[in-house]
Structure formats: C-alpha cells, structure tokens
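Written below as structure tokens is the structure these notes are about.
The values are calculated or read from the model by the stated rules, or taken from the named source; none is laboratory data. Remember, predicted model here, so these are calculated numbers, not experimental data. Virtual Cβ from ideal backbone geometry, glycine too; neighbours counted across all protein chains shown. Surface accessibility is based on the protein's heavy atoms, side chains included, excluding ligands, DNA and RNA. Shrake-Rupley method; radii C 1.70, N 1.55, O 1.52, S 1.80 Å.
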Amino acid sequence: MLFGQSVFQSVLERLKAEDETDEDAEAPADHRVSGLATGLAFDVMEGVSAASQRVGQAYFDNLEFDPAAAIAEEPAAAPPPEPVMPDHLARIAPEEIAAELAIAAADTQQTLNEKRRAFAKANHPDGVAEPFRDNANRRMMIANLLIDEAMRRPPPN
C-alpha cells in the first residue's frame, strides 16, 4: 500500500476504506460522533450534566476552598512603616560630595566613569523612598557636575 504512494495518499486511501466500512455497518449508535473512533463519556444524571447545574461552583469544587470564609478571614493590612533616610542622603553640600567622590588629578576618564556609576548605584533617586528623592536628585546633580568638570580638565603630563 505504501509502495509507489506518498504517505498522504496512503492516509487518504485508509480513510476512504474506513468510511466505506462505516457505511456498510448498521446506523451508528446515539452516543457516537461521526468521525471519532471512540465514544464520549460524560457525567450525566437524568439527561442533564451535573457540572452544568453548578456553573459557578465547578471551580471551587476542585480547590476545597470556601470563598466566603476567605473573604471574612482577611486581616486588615497594617500600614507600612515610615521609611528612614540613610545618613549619606543628608549630605548635600558640594564639599561633602566631592569628599565622597575623592576625585584626584590622576583620575582617568575610565576611573571617573567608574566613580560616577558607583555613586549613581548608591544615590540614584529611583533607588530611594519617595520622601528622600529630592536629596538624592540634588546629590546626583552635584556629583555629575563635579565629575564632568574633572573630565574637562586637561590630562596630567
């Protein structure tokens, strides 16, 4: 059967042969669907599916969970604790920030960029609580200004 034919052609011939045998047989049973080789089984009582009678309950049957009890048992959420400002965010004077950066005349473009990244990692406004973002923003602006000025200086001889 497969010799001289493609797989597709052999499958079509097999399906045609099955259809011919089905037509020769008696009328199909009520529980069979045309084209399916097996019957379908359902949880049926008195002609009505048991699950269809409890549409909203079907999900909870599998969870062993009482939704009404869960709503009643939810505790009131405690207010979040007040954030505490880190000590370094209180230092916003340019002299204090320059001391933290420790910019030296021997610093290269690469070392200055590394200092900028390290400072931003610890002080970026997106990484601190909302009440302290103004201080973090001011610290970042001053640090960027100091590093940019150091980068504009001519390199040491």
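Total residues in region 82-114 satisfying the condition of being among the charged types (D, E, K, R), surrounded by 13 or more Cβ atoms within 10 Å (Cβ to Cβ) and more than 16 Å from Arg152 (Cβ to Cβ): the figure is 3.
For region 115-129, a residue qualifies if it is without any contact (Cβ under 8 Å) to a residue 24 or more places away in the chain and open to solvent by 50 Å² or more (accessible area, probe 1.4 Å), and the qualifying residues are Arg117, Ala118, Lys121, His124, Asp126, Gly127. Close Cβ contacts (under 9 Å, 6 or more residues apart or on different chains) running from residues in region 79-90 that are closer than 25 Å to Leu101 by Cβ and part of a loop (DSSP other than H, G, I, E, B) to residues that are at pLDDT 90 or above and open to solvent by 70 Å² or more (accessible area, probe 1.4 Å) comprise Met85/Pro131. If you filter region 21-36 down to residues that are exposed (fewer than 10 other Cβ atoms within 10 Å of the Cβ) and in a helix (DSSP H, G or I), you find that the one that is modelled with the highest pLDDT is Thr21. The set of residues from region 91-112 being within 40 Å of the chain's Cα centre (by Cα) and without any contact (Cβ under 8 Å) to a residue 12 or more places away in the chain comprises Gln110, Thr111.
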